[in-house]
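Take a look at the structure set out below.
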Amino acid sequence: MVCLDLNPAVIAHLRNLPLPYVIQLPRDESASWTPEAVAYWRNFGGLIGSDVPPLAVPAKLRGLALRAVAVAARHCESLEALDLNIVTQTLEGAAFDLIVATNILVYYSRFEQAIAMAGIARLMSPGAVFIANHALPAQRPAALEYLGRRSVSYSAQGAYGDEVVVYRRK
Ligand SMILES: C[S@@+](CC[C@H](N)C(=O)[O-])C[C@H]1O[C@@H](n2cnc3c(N)ncnc32)[C@H](O)[C@@H]1O
C-alpha cells in the first residue's frame, strides 16, 4: 500500500510509525449515527489489527465512546509513503489497482480536480478502480469510465454522509 501526500509532516509520520501503531476511534454518542454506522465503528480495523484498551476519556467529555485498534506490524511495515502533489505531479511507472482519495480533492476547484483526475488515471493499471467521496467534474479523462455514485448517510437525519463516486480505468 502506498500513501501519496504533499505534507512533509504526514510523510515523516507515515515513514516512522511508532509500533505498535494504535488508532484511537472516538464516537460522539449523541450524534445520532445510524445502526450501520455504529456497527462499522465497532468493527473498524478488525481486518488489520486487534482491539486494545483505549485512552481514558476525560470526565468532561461525557457521551464520548472510545475504542482503540493496534494495527498489526506487518501492515505498518508494508506501508510506503511518497511525497507527491496529486494535482501538479505524477509518478512514473506506477500501476495501482485501486486508488482511494477521500477528503482530498474536495479542497480544489473543478479545474484542479479535472487535472488531478487525469493524473490519477495515469497512475492506474487497466481495469483499476478509483474511489472518491464527493462529486467530481463530468469532464473527466477519456481513460476513466464512470461506474456510478452512491449516497451514504451516517446519521438518521442524513446530516453526515458521503457521495461515493467510482471510476474504472479503461
Ligand atoms: C483532510 S485530510 C484527509 C485524509 C484522509 N484521506 C481521510 O479521508 O481522512 C487531506 C490530506 O490530503 C493531503 N493533500 C491535500 N492536497 C493534496 C495534493 N494536492 N496532493 C497530495 N496530497 C494532498 C493533505 O496533506 C492531507 O494529508
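The values are calculated or read from the model by the stated rules, or taken from the named source; none is laboratory data. Note that the coordinates shown come from a computational prediction; the quantities given were computed from them, not determined experimentally. Glycine gets a Cβ as well: all are built from the backbone with ideal geometry, and neighbour counts include every protein chain shown. Only protein heavy atoms, including side chains, enter the accessible area calculation; ligands, DNA and RNA are left aside. Shrake-Rupley method; radii C 1.70, N 1.55, O 1.52, S 1.80 Å.
Overview of values
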read-out	value
Per-region count, region 95-111, residues among the small types (G, A, S), touching a strand residue (DSSP E or B) at 6+ places or on another chain (Cβ under 7 Å) and surrounded by fewer than 18 Cβ atoms within 10 Å (Cβ to Cβ)	1
Selection count where residues are within 22 Å of N43 (Cα to Cα) and out of contact with any Leu (no Cβ under 7 Å at 6 or more places or on another chain), scope region 79-100	1
Residues (surrounded by fewer than 15 Cβ atoms within 10 Å (Cβ to Cβ), away from the ligand (no atom under 14 Å from the Cβ) and of a type in the set (A, V, I, L, M, F, W, C)) located in region 6-37	L19, A31
Total residues in region 42-57, condition open to solvent by less than 70 Å² (accessible area, probe 1.4 Å) and either assigned to a loop (DSSP other than H, G, I, E, B) or touching a residue at least 24 places away in the same chain (Cβ under 8 Å) (or both)	6
Criterion violated by L123 - all others in (1) more than 14 Å from the ligand (Cβ to nearest atom); (2) more than 22 Å from I23 (Cα to Cα); (3) touching a strand residue (DSSP E or B) at 6+ places or on another chain (Cβ under 6 Å) satisfied	(1)
Subset of region 125-170 [aromatic (F, W, Y) and more than 30 Å from E29 (Cβ to Cβ)]	F130, Y146, Y167
All positions within region 68-106 that are in a strand (DSSP E or B) and either of a type in the set (G, A, S) or at pLDDT below 95 (or both)	A68, A70, A81, A101
Residues being within 12 Å of I120 (Cβ to Cβ) and more than 8 Å from the ligand (Cβ to nearest atom) - total across region 90-104	6
Matching entry among A121, A65, A128 (being part of a strand (DSSP E or B) and crowded, with 17+ Cβ neighbours inside 10 Å)	A128
C3, sole failed condition from (1) open to solvent by less than 70 Å² (accessible area, probe 1.4 Å); (2) within 16 Å of the ligand (Cβ to nearest atom); (3) free of Cβ contacts under 8 Å to residues at least 60 places away in the same chain	(3)
